[in-house]
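What follows is calculated from the coordinates using simple rules that are stated; it is not laboratory data. Just so you know, these numbers come straight off a predicted model, no measurement behind them. Positions of Cβ are generated from backbone atoms using ideal geometry, with glycine treated the same way; all protein chains shown enter the neighbour counts.
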Amino acid sequence: MISMSRLLSSMLVVAVLLSSAGCTLFDREERSVDPAANARQLYEKAERALETGNFRTAISNYETLTAVYPFSEYSKQAQLDLMYAYWQNDEPESAESIADQFILENPTHPRVDYAMYVKGLAWFPEENNPVNALFRVDLTKRPPGELIRSFNAFSQMLQRYPESPYAEDARQRMVYLRNRLAAYEIHVADYYVRRSAYVAAANRARYVVQTYQETPSVVDALQIMLRAYRELGLRELAEDTLRVLAENYPDKAYAWGGRRPSVASREPGPVSRAESPK
């Protein structure tokens, strides 16, 4: 009959052997994990998805890579690609959040200008939206919050990186955004005019003249100011506005009582093919 002490000794030996086998197996499994290889595989999967327009899958893989392997050689590029994928997937807040995180964590990284550029793109309006075309949406009536966020992001990028390869495109987009912002202000001023709120209309139009010079909306703003001042009986302000309108836009001023511009004073337009000398 086996004694109790011998039984306990046998059980202890078995336990030690099992423990050793388990540790050995665990060590082998641990050594089989290659973080660099896994990070590379995730990045390649995300990259393929991005190239084929499968932005949701790309986002999932980029998010996993940056969360599980934050110190891998692919992590920084994954963040840059992730903000781009968010923008393409129409998730501007997420794109902006990742861009801000990248800028904060990597202030001297050579691609910070790109992150700031994507912030501007994230809120830039999509004009060629088929829904807008189908329902003939008047984009000038939309609240300007997203336009301002886009404009400010591009402006900050140009202040810090005026020689960036994205600078010229950012400048062109800012011109467009200024025109849109000015057009929105005209829409609001016209709303006040139609409700006979002439003080509010004049103030809004004057803001356009002061803030958005060299935009097409300036002439509309001057005309609204002129009408508002006349309705309010502010003769001197109305005459000053008419004079500015006549000096800068003589064709527009004539309808408001300005002098008819002479033919010589009008700037010649482009010569058409039929009128060009042979």
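May I ask you to derive the FRET efficiency for GLU105 and GLU126 from their Cβ-Cβ distance with R0 = 41 Å, giving the value to the nearest 0.05? Please report the intermediate quantities before stating the final value.
On the way: r = 29 Å, r/R0 = 0.71.
Once the sixth-power term is evaluated, E becomes 0.90.
Work out, step by step, the length gained on full extension between GLU239 and ASP90: first 0.36 nm times the residue separation, then minus their alpha carbon distance; give nm to one decimal.
Working: separation 149, 0.36 × 149 = 53.64 nm, distance 4.88 nm.
Answer, rounded to one decimal: 48.8 nm.
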